[in-house]
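Before any comments, here is the structure.
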Amino acid sequence: MSNERRQRTKAVAQHPLDPLTVEEIRTACNLVAITSRSREHCRFPLVRLEEPGKEDLRRQPDGETMPRQAFVLTLDSETGEAAEHIVDLTRGAIVQRRPLRNSTAPYGQPPITLEDVLRCEEIVKADAGWRAAMRRRGVTEQ
């Protein structure tokens, strides 16, 4: 991460519990995407501030900036692989990565994305049986 970008990030995030800025979200996603197996299939169902602990907040000296971290959940839209990442935005590095088991018990599934919702709509509307059922109910295409 460039010094200029780091300065902009620090200037906007005034408190360690401030929400992530747009630039911080972009930076976190870019760092994770670069390391993914398939960048074009890498999706981000969840990106949020990884909040510091209460003890860390208490120990923070006045005037010093705490490291900012982001929690990034990724989903490979082609393989279904999911992983959780902790990104240190201050250093510009991924500090932790944990694959999620979603093919064996206990199962887990990342949240649905807007892309998923739109694809579901396309798939349903393309189904001839669904369209016929809607016509029988008086619902016509527009």
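The values are calculated or read from the model by the stated rules, or taken from the named source; none is laboratory data. All figures in this text were calculated on a predicted structure; none of them were measured in a lab. Glycine gets a Cβ as well: all are built from the backbone with ideal geometry, and neighbour counts include every protein chain shown. When the accessible area is computed, the model is the full protein with side chains, heavy atoms only, and any ligands, DNA or RNA have been set aside. Shrake-Rupley method; radii C 1.70, N 1.55, O 1.52, S 1.80 Å.
Could you work out the relative contact order of the chain? I mean the mean sequence separation of Cα pairs under 8 Å and 6+ apart, divided by the number of residues, in percent. Please list the in-between numbers first.
On the way: 173 pairs, mean separation 26.2, N = 142.
Rounded, it is 18 percent for the chain.
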Modelling each spin label as a point 7 Å along the Cα-to-Cβ direction, I'd like the residue 33/residue 101 distance in nm, to one decimal. 3.2 nm
Rounded to the nearest 10 Å², the accessible area of residue 127 using a 1.4 Å probe with every protein chain kept is 80 Å²
Assuming R0 = 30 Å, can you tell me the calculated FRET efficiency for the pair residue 15 and residue 93, based on Cβ-Cβ distance, to the nearest 0.05? 0.85
With every protein chain in place, the accessible area of residue 15 for a 1.4 Å probe, in Å² rounded to the nearest 10, comes to 90 Å²
Expected max-MSF residue from 73, 17, 31 in the GNM of the chain (alpha carbon, under 10 Å) is 17
In a Gaussian network model over the chain where Cα atoms closer than 10 Å are linked, find which of 131, 48, 98 has the largest mean-square fluctuation. 131
Pick out which of 132, 105, 93 has the largest mean-square fluctuation in a Gaussian network model of the chain, springs linking Cα atoms closer than 10 Å. 132
Between (i) 21, 19, 14; (ii) 40, 18, 15; (iii) 25, 19, 14, which matches semi-axes √(5λ) of the Cα gyration tensor in Å calculated for the structure shown? (ii)
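Would you kindly work out the equivalent ellipsoid of the range 23-75 from its C-alpha gyration tensor and give its semi-axes, the square roots of five times the eigenvalues, largest first in whole Å?
Numbers: eigenvalues 166, 23, 12 Å².
Its equivalent ellipsoid spans semi-axes of 29, 11, 8 Å.
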Work out, step by step, the length gained on full extension between residue 124 and residue 40: first 0.36 nm times the residue separation, then minus their alpha carbon distance; give nm to one decimal. 27.7 nm
Rank these residues by their accessible area, most exposed first, probe 1.4 Å: 36, 103. 103, 36
Specify which residue in the list 120, 106, 28 is farthest towards the positive end of the charge dipole of the range 17-142, using unit charges on the beta carbon of Lys, Arg (+1) and Asp, Glu (-1), about the Cα centre. 120
Using 7 Å Cα-to-Cβ label points, what is the residue 55/residue 140 separation (nm, one decimal)? 6.9 nm
Nearest 10 degrees, 0 to 90: helix 22-35 Cα axis against the chain principal axis: 80 degrees
